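All remarks here apply to the structure that follows.
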Amino acid sequence: MASVDTTAAINKLTEEIKKMAKAQGAGFPEPKATDQGKVLMVDEEGNWILAAIPSQLPAVEATDEGKVLMVDSTGAWVADDLPSDDTPGT
């Protein structure tokens with residue numbers, strides 16, 4: 001009987017939290033089956049959304065074999081060959 005009471009209490013608490021969040025304009029989106037693999041994020045306007053985690057790394061291609069991940073002069077991640085030992089500043 002105690003587990004039923006605990007489950008009911010948790011469900012009630014969850015509903016109260018949802019009500020408070022909506023009252024403050026911070027409502028959480030309702031997930032759907034099509035949202036599988038998505039995470040809760042904040043958009044540019046400060047709203048909660050369900051979205052895929054953006055990729056931070058470059059796409060890997062067969063031509064990248066033997067290359068390393070490094071930052072280029074613009075601050076972007078790139079797959080490139082290691083600089084040679086005769087490169088100034090190394």
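Please treat every number below as a calculation from the coordinates, not as lab data. Quick caveat, the model's predicted, so the values are computed rather than measured. We place every Cβ from the backbone using ideal geometry, glycine too, and count neighbours over all the protein chains shown.
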* Based on the mean of other beta carbon atoms within 10 Å per residue, what is the order of 43-49, 77-83, most packed first? -> 77-83, 43-49
* **For the stretch 37-90, convex hull volume per residue from C-alpha positions, Å³** => 126 Å³
